[in-house]
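Asks: Here it is, the structure in full.
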Amino acid sequence: MTLCLLLLSVVALFVAVPAPRALTRSAWPEREPVIGLWVWQCLVATVLLCCLTALTLGTAAVFHTVRTRVFAPAPPGVSEAYDLSAAPLWASALTLLLACGAAWTTAMLAREAVEARRRRGRARAHLRERAPDLPAGLPSARGPLLVLEDEYPDAWWMPGNPPQLIVTTGALHRLTSHQLDAVLTHERGHARAHHDWLLHLSTALATGFPRIPLFSHFCDQTHRLVELAADDTASRRCGHLTTALALIELNQHRGVLSCASSNRLLGERVDRLLQPPPRLLLRQRALTTTVATLVPLVPLLITFAPGLTALA
């Protein structure tokens, strides 16, 4: 068990510190944002699995009741292969630390879920004030598309039940039909990929563990890559130039495209649409996705290796 805990700690530290820094400096996620998002999710899953499996082994070593329940279905030789009765003192301390981390992670996820639900409630109440229910006898305005009377051009997707796509009359007046289609396709791309779930997860982990590079970079890169992925969805259907012009029309009144603006992401998105980078080769995309998918299996392999060896 001691060797398993050491290996799990090494893997978790490597994935949590140097790996995200190297991935952040890489240029290829901008060319393949969907694969980039998948790689980030696999790295986070690897760290969480390392912590979960180490917590399970440590708890089984410290508490005999837990050990009995965990290894109840296994033959006697499997339990002996882990040598749980000879757990060192540092293993108990690590188990306590991981238990506190698991409780804190659960609390941060629950807090983000509650706050997201509260924000959606406030946003829907605000929408009801701006777009009140129609009189009896007229069709309800609770469909998937809601048009608001507002001179400022804007469009956004509001998740929830039911999810709604909101467009202002300013956007309808300013955008051409093709540009409006690009904007709607962009927002539907967010909805189909459930990007709001990823944003909530990354925000909760970054809030709970702000000094861990993996979680802070995961939050920053998720907010960036989801927009690039939705831009790609829109550009594949409506064209790069149309999507870029739609972004400009929607945001130029805010001044975010000026040189003095601190919002650099939108300018980078427009530049990327006007000069789209070449995609990775199909073989490279398949290899990257496969390797990223296999990485979370490493902590499981480390954990089950002694038991599999005993059975062999």
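Computed from the coordinates by the stated procedures, all read-outs in this text should not be read as laboratory data. Since the structure is predicted, the reported quantities are computational estimates derived from the model, not experimental observations. Note that we place each Cβ from the backbone using ideal geometry, even for glycine, and neighbour counts take in every protein chain shown.
Asks: Using +1 at the C-beta of Lys and Arg and -1 at the C-beta of Asp and Glu, which of 10, 144, 225 has the Cα lying farthest in the positive direction of the dipole of the chain?
Replies: 10
Asks: Where the only charges are on Cβ atoms (+1 Lys, Arg; -1 Asp, Glu), what is the dipole of the chain about its Cα centre, to the nearest 20 debye?
Replies: Approximately 160 debye in magnitude.
Asks: In debye, nearest 20: dipole of region 138-229 around its Cα centre with unit charges on the Cβ of K, R (+) and D, E (-)? If you can, show how the numbers build up before the last one.
Replies: Details: 6 positive and 9 negative charges, 68 e Å.
Once rounded to the nearest 20, the dipole reads 320 debye.
Asks: A further question on this structure: Going by average Cβ neighbours within 10 Å, how do the peptides 22-29, 90-97, 223-230 rank, with the highest at the top?
Replies: 223-230, 90-97, 22-29
Asks: Scan around residue 146 for amide H atoms under 5 Å from its own, H built in the peptide plane at 1.01 Å from N, and keep only partners 5 or more places away or cross-chain.
Replies: Counting only residues 5 or more places away or on other chains, the set is 165, 166, 167.
Asks: Now, a different point. So what is the orientation-averaged projected area of region 1-66, using the convex hull of its C-alpha atoms, in nm²?
Replies: 4.8 nm²
Asks: Let me ask another. If contacts are Cα pairs under 8 angstrom and at least 6 residues apart, what is the relative contact order of the chain in percent?
Replies: Result for the chain is 27 percent.
Asks: Could you check the spin-label model distance between residue 271 and residue 161? Points 7 Å from the Cα along Cα→Cβ, value in nm.
Replies: Label-label distance for residue 271 and residue 161, simple model: 4.4 nm.
Asks: Could the peptides 278-289, 146-157 be put in order, highest first, of the mean number of other beta-carbon atoms found within 10 Å of their residues?
Replies: Final packing ranking: 146-157, 278-289.
Asks: Provide the FRET efficiency to the nearest 0.05 for the residue 9-residue 110 pair, computing r from the beta carbons and using R0 = 25 Å.
Replies: The calculated FRET efficiency here is 0.40.
Asks: Would you mind listing how long region 28-164 runs along its three principal axes, going by Cα atoms, in whole Å with the largest first?
Replies: Extents along the principal axes: 73, 42, 28 Å.
Asks: How would you rank 174-185, 67-78, highest first, on the average number of other Cβ atoms within 10 Å across their residues?
Replies: Those peptides, ordered most packed to least, come out 174-185, 67-78.
Asks: If you line up the long axis of helix 33-62 against the longest principal axis of the chain, both from Cα atoms, how many degrees apart are they, to the nearest 10?
Replies: 30 degrees
Asks: Now, a different point. Relative contact order (percent) for region 74-223, with alpha-carbon contacts under 8 angstrom and 6 or more residues of separation?
Replies: Relative contact order, region 74-223: 19 percent.
Asks: Sticking with this one: Does the chain come out rounded, prolate or oblate, given a ≥ b ≥ c as the square roots of the eigenvalues of its C-alpha gyration tensor, rounded meaning a/c under 1.5 and, failing that, prolate meaning a/b above b/c?
Replies: Judged from the Cα gyration tensor, the chain comes out prolate (a/c at least 1.5, a/b above b/c).
Asks: Of the DSSP beta bridges with both residues in the chain, give the percent that are antiparallel, rounding to the nearest 5.
Replies: Among the beta bridges of the chain, antiparallel pairing accounts for roughly 50 percent.
Asks: Based solely on its DSSP helices, what 222 nm [θ] is calculated for the chain when runs of n ≥ 4 H residues each add -39,500 (n - 2.57) and the sum is averaged over all residues, nearest 500 deg cm²/dmol?
Replies: -23500 deg cm²/dmol
Asks: Quick check on region 83-132: take the gyration tensor over C-alpha atoms, sort the square-rooted eigenvalues as a ≥ b ≥ c, and tell me if it's rounded (a/c under 1.5), prolate or oblate.
Replies: It is prolate, given that a/c is not under 1.5 and a/b is the larger ratio.
Asks: In debye to the nearest 20, how big a dipole does region 168-273 give about its Cα centre with +1 on each Lys and Arg Cβ and -1 on each Asp and Glu Cβ?
Replies: Rounded to the nearest 20 debye, it is 40 debye.
Asks: For region 73-80, just list the computed ³J(HN,Hα) in residue order, Karplus coefficients 6.51, -1.76 and 1.60, θ = phi - 60°, integers in Hz, with x standing in for Gly and Pro.
Replies: Listing the rounded values in order: x, 8, x, x, x, 5, 4, 5 Hz.
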